[in-house]
Amino acid sequence: MKLLIKNGTLVLRSGVKKADVLLNGGKIEKIATDIKADCKTIDASGKHVFPGLIDMHVHLREPGYEGKEDILSGSQAAVAGGFTQVCCMPNTNPVCDNAVVVSYIKYRQQQVNLCRINPIGAITKGEEGKAMADIGAMKEAGAVAISDDGKSVMDSNIMRLAMEYAHGFNLKCLCHCEDINLVDGGVVNEGYNSTLTGLKGSLRAAEDIMIARDIALAESLDIPVHICHVSTYSGVELIRSAKSRGVKVTAETCPHYFILTDDIITSFDTSTKVNPPVREAKDRDAIIEGLKDGTLDCIVTDHAPHALKDKQVEYNLAAFGMSGIETSFPLSYTYLVKTGRLTLPELAERMSYNPAKVLGLEGGEIKEGEVGDLTIIDLNEKYVIDSNKFLSKGKNTPFNGFEVCGKVQYTIVGGDIKYKA
Ligand code: DOR
Ligand code: ZN
Ligand code: ZN
């Protein structure tokens with residue numbers, strides 16, 4: 001019932017502070033120095049205690065694509081990555097566009113019982129962009145947002161109607177921004193490296209046009225929207241400018257967009273293939289700026305595990321996506337905090353507090369009375385990323401061989417230890 005964490009350095013909203021944390025009945029009961037309790041105790045000396053990390057954009061693939069990932073393997077990977085809570089996208093088979101699939105995912109979460117899993121329902125039936133999904137019924141069954149992720153809702157009127165309807169249920173649209181006509185089969189960023197490799201490029205404009213449209217809808221209707229996986233410097237600028245006008249827009253990006261550039265595609269390694277594509281240095285730099293100034297609220301993984309057979313094919317035929325849930329924290333810490341771009345509380349805000357706020361989830365903060373979701377990390381432990389060691393079925397990462405700092409030691413959900421290094 002009780003769990004005491006002694007001598008850790010807590011990453012609080014107000015700054016970092018050494019203190020003990022007592023968890024009881026699934027909640028944070030007490031934060032103080034020198035707590036004494038007769039219960040299971042973790043010695044966290046020399047370690048940092050973060051609010052449980054929340055990944056609001058993952059693909060768990062179940063039901064239907066269990067060869068790529070399932071709710072068990074995805075949950076094991078999530079807690080190994082330090083995540084106490086994830087939100088899973090609906091592009092499964094069948095698509096999560098009705099209450100039955102939402103309930104199925106919730107049921108499987110209870111069976112697996114590792115991290116919390118919040119289903120995201122589809123905006124349109126079958127993610128086909130034509131008819132609205134059963135949004136109200138999905139909310140009642142436990143969906144926390146709606147998205148046609150993997151695709152944009154190309155018909156702006158359907159998007160408008162879905163936004164208005166979903167808003168009535170207090171659900172936000174999470175927008176995958178991609179004008180599919182303009183993408184026209186592109187597989188990488190359009191630029192010098194697409195010309196060099198002969199791989200078909202996709203313009204920044206394909207993403208920016210849809211970001212601009214969804215912001216325009218949010219502004220005209222005065223309804224909040226959330227922009228998924230921003231990859232362009234110009235997209236960051238659109239969101240910054242909208243926020244400055246008071247538009248209710250929030251946004252996320254992923255480690256691959258603030259670390260990599262499209263120089264990596266010259267290897268023709270299909271683990272570099274992702275949608276939207278990694279772009280150029282000025283995009284990467286603008287995304288870091290956007291994370292610093294709060295234009296980009298959240299760091300997510302867009303964890304997109306694929307089977308070997310989906311990736312060990314010609315670049316043009318390979319599936320889009322990267323398996324990211326086990327590398328997100330160390331990459332973010334190494335490339336954003338160790339480089340002096342973000343402080344630890346700012347990193348915790350992007351990886352826990354803000355995702356909770358954007359979707360109205362519990363958790364996100366270490367404070368008395370909050371749920372007992374915590375991640376204990378050794379920030380000094382250095383290691384080399386090796387996808388053979390992933391618990392995820394998806395070994396598809398472009399980060400193999402990268403040296404990172406920050407190893408998850410314990411992942412605690414509702415006061416229970418769900419992962420121990
Ligand atoms: O790279 C991606 N993979 N982008 C998406 O939008 C979908 C995702 C997937 O489901 O594999
Ligand atoms: Zn997407
Ligand atoms: Zn996605």
Next item on the list: Identify the residue in the range 371-419 that is among the hydrophobic types (A, V, I, L, M, F, W, C) and assigned to a loop (DSSP other than H, G, I, E, B) and, among all such residues, is most open to solvent (accessible area, probe 1.4 Å).
Entry: Leu391
Next item on the list: Within the range 92-109, count every residue that is open to solvent by 40 Å² or more (accessible area, probe 1.4 Å) and either assigned to a strand (DSSP E or B) or within 16 Å of ligand 3 (Cβ to nearest atom) (or both).
Entry: 1
Check: Does at least one position in the range 127-140 carry a residue that is among the small types (Gly, Ala, Ser), open to solvent by 10 Å² or more (accessible area, probe 1.4 Å) and within 16 Å of ligand 2 (Cβ to nearest atom)?
Finding: yes
Check: For the range 1-39, how many residues meet the condition of being part of a strand (DSSP E or B) and surrounded by 13 or more Cβ atoms within 10 Å (Cβ to Cβ)?
Finding: 24
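Rundown of residues vs (1) open to solvent by less than 10 Å² (accessible area, probe 1.4 Å); (2) more than 16 Å from ligand 3 (Cβ to nearest atom), yes/no style:
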position: Gly46; (1), (2): no, yes
position: Gly52; (1), (2): yes, yes
position: Asp55; (1), (2): yes, no
position: Gly64; (1), (2): no, no
position: Lys68; (1), (2): no, no
position: Val79; (1), (2): yes, yes
position: Cys87; (1), (2): yes, no
Next item on the list: Please state which one of Ile287, Ile264 is more than 16 Å from ligand 3 (Cβ to nearest atom), open to solvent by 10 Å² or more (accessible area, probe 1.4 Å) and touching a helix residue (DSSP H, G or I) at 6+ places or on another chain (Cβ under 6 Å).
Entry: Ile264
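Does Cys115 satisfy being hydrophobic (A, V, I, L, M, F, W, C), open to solvent by less than 10 Å² (accessible area, probe 1.4 Å) and within 16 Å of ligand 2 (Cβ to nearest atom)?
Details: hydrophobic (A, V, I, L, M, F, W, C): yes; open to solvent by less than 10 Å² (accessible area, probe 1.4 Å): yes; within 16 Å of ligand 2 (Cβ to nearest atom): no.
No; evaluated as a whole, the condition is false for this residue.
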Check: Any idea which residue in the range 290-338 is nearest to ligand 3 (Cβ to nearest atom), counting only those that are assigned to a helix (DSSP H, G or I) and of a type in the set (Asp, Glu)?
Finding: Asp310
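The values are calculated or read from the model by the stated rules, or taken from the named source; none is laboratory data. Everything quoted here is computed from the prediction, not taken from an experiment. Note that we place each Cβ from the backbone using ideal geometry, even for glycine, and neighbour counts take in every protein chain shown. For the accessible areas, the whole protein counts, side chains as well, though only heavy atoms, and no ligand, DNA or RNA atoms are used. Shrake-Rupley method; radii C 1.70, N 1.55, O 1.52, S 1.80 Å.
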